[in-house]
Amino acid sequence: MKDNSIEFKIPELGENITEGDVVKVLVSVGEPIHVDQALLELETGKAAVEIPSEINGTIKEVLIKDGDKVKVGQIVIKLETHQKEEPAVPPTDTQEKDSPPKNRTSDTPKIKEALPTPPSPNPSATDTTSRSHVPVRAAPSVRKFAREIGVNISEVTSSDGRITVNNVKAYAKQRLTQEPLASTNTGIPSPSIPDFSKWGKVGKESISTIRKITARHMAMCWSTIPHVTQHDKADITDLEKIRKHFKQKAEDAGGKLTPTAILTKIVAAALKAFPTFNASIDVQKNEVIYKKYCHIGVAVDIPKGLLVPVIRDVDKKNIIELSVELSRLAEETRKNTISPDKLQGGCFTISNIGGIGGTHFTPIVNFPEVAILGVGQATHEPVYIDGNFEPRLIMPLSLSYDHRLIDGANGARFLRWIVKAINEPLLLALEG
Amino acid sequence: MREARSWILDTRCLILKGMMNSTNRSTHVVVIGAGPGGYPAAFHAADLGLNVMLIDEEVHPGGVCLYRGCIPSKALLHVARVMNDNDEAEQMGVTFAKPKVDIDKMRSWKNSVIQRMTQGLGQLSKIRNVQSIQGRARFADAHHLIVDQGGKEEKISFEYAIIATGSHPTQIPNLPYDSGLILDSASALEIETIPEKLLVIGGGYIGLELGSVYAALGSNVSVVEMLPRLLPGADKDLVTILAKRLKNKFEQIMLETRVAEIKKEKGQLNVKFEGKNGAESEITFDKVLVSVGRKPNAEKLGLENTNIKTDSKGFIPVDLQRRTHEPHIFAIGDVAGEPMLAHKATHEGIVAAEAISGEKTVFEPQAIPAVVFTDPEIAWVGITEAEAKEQELDVKIAKFPWAASGRATTLERNDGLTKLIVDRKTERILGVAITGVSAGDMIAEGALAIEMGANVTDLKLTIHPHPTLSETIMETAEVFFGSSPHFYQKK
Ligand SMILES: Cc1cc2nc3c(=O)[nH]c(=O)nc-3n(C[C@H](O)[C@H](O)[C@H](O)COP(=O)(O)OP(=O)(O)OC[C@H]3O[C@@H](n4cnc5c(N)ncnc54)[C@H](O)[C@@H]3O)c2cc1C
């Protein structure tokens with residue numbers, strides 16, 4: 001009998017999961033363990049999962065404790081096995097005698113491309129569906145788990161043909177170690193930082209998932225898009241009167257008639273008039289993609305970071321509807337109940353910092369969009385009208401755009417169009 | 001100058017008013033139709049924290065299933081069962097007086113069953129803060145509905161919609177509908193009268209169930225079916241057992257026969273039949289029940305104002321999450337395709353609600369059970385023997401006749417059969433089929449077995465309580481391996 005020492009590493013369990021917190025270590029030194037027995041419980045940004053053993057053996061050493069932060073690939077437990085190391089899942093042999101057929105897919109459908117499947121072609125009053133072959137031998141709960149972590153259950157195998165949650169986990173781990181996650185770095189190495197405690201007291205906090213995603217995305221946008229930012233000012237004195245006038249109506253419908261809600265409508269009209277602002281650049285194919293729809297993102301800041309929920313088909317909705325939808329989206333975002341598909345698909349972003357204060361700033365274009373409108377706080381300024389200075393309410397606007405696609409003159413025209421539409425809302429009705 | 005400014009301001013107000021005026025209410029999720037598809041979808045969406053509106057023509061949720069389908073038909077079939085049981089008690093030494101039927105009382109009892117259930121659903125809707133609207137909805141475009149509330153129209157804007165408008169009975173053209181003597185399933189359930197002679201057109205489950213009710217109440221029931229057999233979806237061996245009993249209960253069952261013409265004559269209906277070899281015959285009936293299938297309610301919904309198109313049968317095509325061609329509009333239940341059954345509608349409704357709330361969910365049952373509530377009942381789940389043959393699957397069939405069941409004998413109901421359709425290589429259960437009293441309540445075990453990927457050994461080694469009809473499932477598994485204590489097979 002040969003003695004084998006094995007190092008157990010944190011497996012990869014899903015897209016974008018690179019680390020997690022150890023909720024509980026479920027084994028202790030000297031404990032005999034068997035294949036598929038849970039070794040520890042791990043919490044990732046998305047879910048809590050149990051990590052199973054792949055071998056039969058004895059625990060030699062536990063290198064972590066409850067509450068530790070661990071990285072994918074990190075060695076956390078040392079085991080001893082008295083048999084040849086044998087993975088729980090045969091690596092490539094899918095032709096098991098009881099293996100399910102491959103043609104059954106229970107993946108989440110790719111909703112965008114998936115054409116609806118027509119109902120059964122030969123219906124009778126009491127027809128039942130999906131019975132044309134031996135189905136995957138996995139309980140509904142196991143199929144659900146696989147779907148949720150993005151595993152196609154028909155690809156999972158097990159020694160006796162019956163697929164368990166642990167088989168799905170083992171398969172996910174195996175697949176992910178075979179195809180490592182694509183690097184999302186910008187390629188520029190970050191310099192290391194000095195030890196600040198030399199100079200005084202410091203506090204530390206690990207970066208939240210949302211902050212990490214924001215950081216990566218911003219770095220990518222900033223470093224790949226040549227930005228130009230243009231500033232302008234809009235006179236919202238009259239628009240503000242109208243807004244106050246209709247405020248109650250929006251409230252009755254369950255919304256809040258904010259300047260941002262009105263701006264989404266104005267921007268939608270501007271995007272119609274300037275299609276290059278409702279476009280994306282495909283550098284790989286040398287193509288500009290023009291969007292025939294008009295979904296507008298509105299930046300919402302929440303304690304954990306910045307999120308941009310998207311209002312769909314802004315051009316087809318009226319301002320009251322937009323105000324209702326925007327209020328709801330903002331609330332869902334703050335409450336963290338927003339569904340991921342509502343954070344995608346935007347054509348243009350509006351970022352309004354006016355509620356906090358400040359004038360012009362230089363917003364970063366939200367890739368794959370090509371422009372973003374920054375809105376500052378409106379303040380009263382003296383404006384020279386017909387020989388007199390009049391106090392007018394002036395709103396600072398900043399437009400950043402991708403200079404690869406949009407020239408300065410066009411940028412100026414676009415922003416001027418918006419300013420005019422704000423100054424004279426009639427224009428919107430006539431041209432928008 | 002100032003005047004000019006204020007004039008412009010006024011004009012702007014007017015124009016903005018016009019831009020803002022068109023919608024009355026808005027919601028996150030709107031569900032059209034409150035049947036067993038729609039109301040669970042709405043309730044689940046509300047439980048998931050979404051803002052939900054539920055539109056139906058009735059005051060309370062329930063749909064066809066509660067108002068004029070599953071529930072009233074099963075209530076009346078229970079009456080039929082009680083009457084039959086009383087009849088059969090005679091041979092066990094108990095003789096009841098000949099039953100007296102008060103159809104008005106029976107109708108109001110049936111209606112009270114409906115009322116209790118639908119009102120309960122109304123309560124459940126209210127406490128979940130689901131906004132209910134009574135009216136007919138149609139799409140103005142892919143983001144707006146127009147709801148006709150008895151002449152008053154309201155425009156509703158929504159982010160997601162679930163179409164759960166169900167189905168309606170298929171009509172046969174050119175019948176004398178104005179005679180008042182032609183029934184469909186809805187009017188038949190009202191039991192206005194008990195016709196002396198009733199013809200049921202269509203040998204599907206609805207026709208046989210309602211025919212059984214009227215036969216028990218005293219009508220002479222005839223069934224006519226174009227196909228060579230009753231219940232074309234179910235395996236023949238199951239149907240044979242039922243047909244044998246129905247032959248005693250019904251006046252006659254005419255197969256491979258077509259209704260050529262129906263004429264009203266002296267307050268009755270004269271029906272001309274065309275048999276297999278062109279043989280013609282004529283019989284007079286007091287009433288005719290048309291039960292020849294159901295059609296999806298996808299018309300007059302304003303679908304032409306969206307990108308949604310129906311298929312050749314009128315169903316709305318959907319993907320695995322029940323999304324239509326408009327990804328933010330879902331369709332569930334009878335309107336979204338076969339099988340047109342309440343439990344399928346409910347499951348789809350839950351999937352749609354979860355999909356809207358962003359969950360990674362799909363509709364992927366491995367089997368949907370079907371039950372015919374005749375006496376005896378027929379129930380099956382998974383693949384049928386006929387389908388296995390058609391698809392040339394390598395299956396092994398095991399059958400256990402209820403003549404060998406102790407429980408069936410104590411009930412004096414040995415007219416039953418339990419059958420397993422098993423994949424020969426893996427011994428996995430692919431289908432379960434049962435004819436017999438309470439078959440509908442037993443079939444769920446088969447559904448669980450298929451969903452869990454059970455094999456015949458699993459069924460065989462699961463101890464079933466004695467004496468019950470459920471034992472027949474375990475014993476069928478034993479038959480599969482060639483040795484069941486109560487059923488001897490020659491090797
Ligand atoms: C006699 C009979 C017996 C049956 N027995 C059984 C059984 O035992 N078991 C079983 O599983 N199934 C049975 N069924 C079938 C079952 O009733 C249906 O499968 C089920 O009701 C379908 O549910 P659904 O939610 O799709 O629609 P439905 O129940 O048809 O409900 C649709 C609802 O939408 C409303 N509606 C339609 N259009 C609009 C509109 N434009 N605006 C607003 N509201 C609208 C309708 O008024 C209705 O209330 C039976 C059917 C019948 C007729």
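Ordering B:Asn220, B:Asn248, B:Pro232 by the projection of their Cα atoms onto the charge dipole of the range B:177-292, which places +1 on the Cβ of Lys and Arg and -1 on the Cβ of Asp and Glu, puts B:Asn248 at the extreme positive end.
Ordering B:255-265, B:188-198 by mean Cβ neighbour count within 10 Å, with the highest value first, yields B:188-198, B:255-265. Remark: mean inter-chain Cβ contacts per residue of B:310-317 equal 3, using a 10 Å Cβ-Cβ cutoff to other protein chain atoms. Secondary-structure-derived ellipticity at 222 nm for chain B, considering helices only, amounts to -10500 deg cm²/dmol, per-run term -39500 (n - 2.57) for DSSP H runs with n ≥ 4. Available extension along the chain between B:Leu48 and B:Ala403 is 122.8 nm, counting 0.36 nm per residue and deducting the alpha carbon span. Look at the stretch B:410-419: the mean tally of other chain Cβ atoms within 10 Å of its residues' Cβ atoms is 0.
Per residue of peptide A:141-148, the mean number of Cβ atoms on other chains within 10 Å of the residue Cβ is 3. If you plug the beta carbon distance of A:His217 and A:Glu240 into 1/(1 + (r/R0)^6) with R0 = 25 Å, you get a FRET efficiency near 0.15. Between A:Ile210 and A:Ile75, the distance separating the two model label sites (each 7 Å from Cα on the Cα→Cβ line) works out to 3.8 nm. The distance from the alpha carbon centre of the range B:423-491 to that of the range B:351-391 is 19 Å, rounded to a whole number.
Annotation: peptides B:84-96, A:400-412, B:432-444, B:267-279, ranked by per-residue average of other Cβ atoms within 10 Å with the highest first, follow the order B:432-444, A:400-412, B:267-279, B:84-96.
Take the Cα of A:His403, step 7 Å toward its Cβ, do the same at B:Asp141, and the gap between the two points is 3.9 nm.
Seen from all directions on average, the protein assembly as shown presents a Cα convex hull projection of 52.7 nm². This ranking places A:Val324, B:Val239 by how few other beta-carbon atoms lie within 10 Å of each, fewest first, which gives B:Val239, A:Val324.
Size of the dipole of chain B about the Cα centre, Lys and Arg at +1 and Asp and Glu at -1 on the beta carbon, nothing else charged, in debye to 20? It works out to roughly 500 debye.
Averaging the sequence gap over all C-alpha pairs within less than 8 Å and six or more residues apart, then dividing by the number of residues, gives the range B:74-164 a relative contact order of 13 percent. The stretch between B:Gln119 and B:Ser483, if pulled fully straight at 0.36 nm per residue, gains 125.9 nm over its current Cα-Cα span.
Cβ-Cβ distance of B:Thr95 and B:Lys309, R₀ of 56 Å, FRET efficiency by 1/(1 + (r/R0)^6): the value works out to about 0.35. Please state the shape class of the range A:286-380: rounded when a/c is under 1.5, otherwise prolate if a/b exceeds b/c and oblate if not, all from the C-alpha gyration tensor. The shape class here is rounded. DSSP finds beta bridges in chain B, and of those with both partners inside it, around 60 percent are antiparallel. Apply the a/c threshold of 1.5 to the C-alpha gyration tensor of the range B:177-292 and tell me whether it is rounded, prolate or oblate. Note, shape of the range B:177-292 comes out oblate.
Which one of B:Ala42, B:Ser26, B:Pro339 is farthest out on the positive end of the charge dipole of chain B, using unit charges on Cβ (Lys, Arg +1; Asp, Glu -1) and the Cα centre as origin? Working it through, the farthest residue towards the positive pole turns out to be B:Ser26.
Each label point was placed 7 Å from the Cα along the Cα-to-Cβ direction; for B:Glu299 and A:Ile6 their separation is 6.6 nm. Measuring r between the beta carbons of A:Asp232 and B:Ala186 and using R0 = 60 Å, the FRET efficiency lands at 0.35.
Rounded to the nearest 5, what % of DSSP beta bridges with both residues in the protein assembly as shown are antiparallel?
75
Coordinate-derived values only; no laboratory data. As the structure is a prediction and not an experimental result, all values here were calculated from the model. So basically every Cβ, Gly included, is an ideal-geometry build from the backbone, and we count neighbours across all protein chains shown.
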